[in-house]
Ligand SMILES: NC(=O)c1ccc[n+]([C@@H]2O[C@H](COP(=O)([O-])OP(=O)(O)OC[C@H]3O[C@@H](n4cnc5c(N)ncnc54)[C@H](OP(=O)(O)O)[C@@H]3O)[C@@H](O)[C@H]2O)c1
């Protein structure tokens with residue numbers, strides 16, 4: 001895998017639900033821990049709403065926010081579009097994680113070679129969904145079952 005592999009990381013239900021307003025519909029500390037383990041030391045690219053909902057740069061990772069409106073913010077780089085965000089992320093020579101929301105995931109789907117999906121168990125309500133995609137284009141590289149979700153690492157065929 002190249003040092004700067006491009007990787008989608010998302011938690012969603014079987015219905016592809018990822019958000020309710022500006023929040024994540026569930027609270028699963030174990031899933032957040034996994035997100036931290038996987039992304040620490042690497043680079044995150046996220047949209048403005050996702051960044052605003054987290055509210056701060058996450059420690060021990062570089063955060064690039066794609067936005068034309070976010071004012072300069074300590075601890076994050078701001079890029080006006082995804083190509084410039086990717087160009088910057090590549091220059092860091094670390095894994096590049098696409099961390100949402102919808103517009104970032106949609107643009108990342110044709111680019112990413114790996115995809116970490118935490119399939120959240122149970123029913124939740126919300127209004128923000130991961131874009132439709134063809135799961136058959138991805139092969140399962142590894143999977144692990146947790147109490148409230150099943151984590152699958154997919155690699156593009
Ligand atoms: N379950 C999960 O794993 C997960 C992960 C991430 C987010 N979420 C949820 O998703 C929701 C937020 O996602 P969202 O889709 O509403 O917003 P978002 O993608 O985080 O932010 C949208 C904003 O980001 C910028 N942007 C995004 N994609 C862009 C692109 N391709 N080109 C240029 N600018 C782009 C624009 O900012 P400007 O208007 O400033 O130009 C746009 O208004 C929240 O509910 C959050 O909790 C869930």
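The values are calculated or read from the model by the stated rules, or taken from the named source; none is laboratory data. Remember, it's a predicted structure, so these values are computed and weren't measured experimentally. Glycine also receives a Cβ, built like all others from the backbone with ideal geometry; neighbour counts cover every protein chain displayed.
So here's what we get for this one:
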{"quantity": "Candidates 155, 144, 94 - the one that is at pLDDT 95 or above, away from the ligand (no atom under 13 Å from the Cβ), under 18 Å from the mean Cα position of the chain (by Cα) and part of a strand (DSSP E or B)", "calculated": "155"}
{"quantity": "Matching residues, segment 35-46, being within 14 Å of the ligand (Cβ to nearest atom) and over 21 Å from residue 15 (Cβ atoms)", "calculated": "36, 38, 39, 44, 45, 46"}
{"quantity": "Residue 49 vs. criteria within 11 Å of the ligand (Cβ to nearest atom), in contact with a helix residue (DSSP H, G or I) (Cβ under 8 Å, 6 or more places away or on another chain) and closer than 20 Å to residue 17 by Cβ", "calculated": "no"}
{"quantity": "Any chance residue 100 is assigned to a loop (DSSP other than H, G, I, E, B), at pLDDT 95 or above and either within 12 Å of the ligand (Cβ to nearest atom) or over 17 Å from residue 4 (Cα atoms) (or both)", "calculated": "yes"}
{"quantity": "Pairs with Cβ under 7 Å, 6+ apart, first in segment 68-82 and within 10 Å of residue 57 (Cβ to Cβ), second assigned to a loop (DSSP other than H, G, I, E, B)", "calculated": "75/57; 76/57"}
{"quantity": "Given (1) crowded, with 18+ Cβ neighbours inside 10 Å; (2) more than 10 Å from the ligand (Cβ to nearest atom); (3) in a helix (DSSP H, G or I), index of the condition residue 112 fails", "calculated": "(3)"}
{"quantity": "Residues of segment 115-130 satisfying the condition of being more than 10 Å from the ligand (Cβ to nearest atom), within 17 Å of the chain's Cα centre (by Cα) and closer than 12 Å to residue 12 by Cα", "calculated": "119"}
{"quantity": "Residue in segment 58-88 that is surrounded by the most Cβ atoms within 10 Å (Cβ to Cβ), counting only those that are within 9 Å of the ligand (Cβ to nearest atom) and assigned to a strand (DSSP E or B)", "calculated": "66"}
{"quantity": "Residue count, segment 1-34 (criterion: under 15 Å from residue 130 (Cβ atoms), part of a loop (DSSP other than H, G, I, E, B) and more than 6 Å from the ligand (Cβ to nearest atom))", "calculated": "6"}
{"quantity": "Members of segment 39-57 that are closer than 23 Å to residue 126 by Cβ and either touching a strand residue (DSSP E or B) at 6+ places or on another chain (Cβ under 7 Å) or part of a helix (DSSP H, G or I) (or both)", "calculated": "39, 44, 45, 46, 47, 48, 49, 50, 51, 52, 53, 54"}
